[in-house]
Amino acid sequence: MGRGSFLSKCTLAVSGFCLISSVLRAEPRLSEAMVAAHNRVRTRLGVPSLVWSERLAAIAQQWAVRLAATGAFHPDPHTSFGQNLFEIAGGHATPEQVVEAWASEARNYDYRTNTCRARCGHYTQLVWRNTRRVGCGMAQRYNIEIWVCDYDPPGNVLGEKPY
C-alpha cells in the first residue's frame, strides 16, 4: 500500500504546517490489513482472532493526532484499553511492518518465567489471549508517522501469562 492509499488531506493546521491524519477505519483495506497482521501472529500461538472496532479506532486516531500535534510519544495515561505505539521517521510503514515490529519483541519474552529480558510489552499485548477487539489510527507530522492501536479488553495484567 502506497502512501496515497491511506493518507488523507490536512486535518489540522499546527504552527503553520499541515498535520496529516489517517483514519484507518475509513480505509477498509488498511483496517483489514491491520487485523490480518495481528491475527497472523495470534494464530501461530493458538489464541483467538481479533476483530476490528470502529470505537477503538476512533479513540486510537484521536491519540495519534494528539501525539503528532504535540511532538510527544507516550501511551495515553487515561485510557482504559491496552495500547501499542509505533513511530517511524523518514519513511512510511505498512500495517504489516507495524505489527511485525511489536511481534519481534517475542525474542525478549520468556514464557516459562513470564518475564522480559528487555522490552516485550507490545508483543504480550498483541498476543493477549483475552483481548478480542482492536482499533488503530495513524497521524503524521513532518517526516514522522505515529501509529496507535487500542485493545479491548486490555492485556498485560500483572502476574498473568499472555497465552
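The values are calculated or read from the model by the stated rules, or taken from the named source; none is laboratory data. Since we're looking at a predicted model, the values are computed, not measured. Positions of Cβ are generated from backbone atoms using ideal geometry, with glycine treated the same way; all protein chains shown enter the neighbour counts. With ligands, DNA and RNA removed, areas are computed over all heavy atoms of the protein, side chains included. Shrake-Rupley method; radii C 1.70, N 1.55, O 1.52, S 1.80 Å.
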Output the residues belonging to the range 95-125 that are closer than 17 Å to Arg42 by Cα and among the hydroxyl-bearing types (Ser, Thr, Tyr). Ser104, Tyr109, Tyr111, Tyr123, Thr124
Return a yes/no flag: does the range 121-132 have any residue that is part of a loop (DSSP other than H, G, I, E, B), touching a Leu at 6+ places or on another chain (Cβ under 9 Å) and of a type in the set (Phe, Trp, Tyr). no
When residues of the range 126-163 are limited to those that are without any contact (Cβ under 8 Å) to a residue 60 or more places away in the chain and closer than 24 Å to Gly91 by Cβ, the one farthest from the chain's Cα centre (by Cα): Asn143
Considering only the range 109-123, how many residues are surrounded by fewer than 19 Cβ atoms within 10 Å (Cβ to Cβ), of a type outside the set (Gly, Ala, Ser) and free of Cβ contacts under 8 Å to residues at least 40 places away in the same chain? 7
Quick check: is even one residue across the range 138-145 at pLDDT 95 or above, out of contact with any strand residue (DSSP E or B) (no Cβ under 6 Å at 6 or more places or on another chain) and open to solvent by 30 Å² or more (accessible area, probe 1.4 Å)? no
Do we find a residue being of a type in the set (Gly, Ala, Ser) and assigned to a loop (DSSP other than H, G, I, E, B) anywhere in the range 72-82? yes
On the given criteria, is Ile88 assigned to a strand (DSSP E or B), of a type outside the set (Gly, Ala, Ser), farther than 26 Å from Leu45 by Cα and within 11 Å of the chain's Cα centre (by Cα)? no
Output the number of residues of the range 60-108 satisfying the condition of being open to solvent by 60 Å² or more (accessible area, probe 1.4 Å), without any contact (Cβ under 8 Å) to a residue 40 or more places away in the chain and over 13 Å from Cys120 (Cα atoms). 7
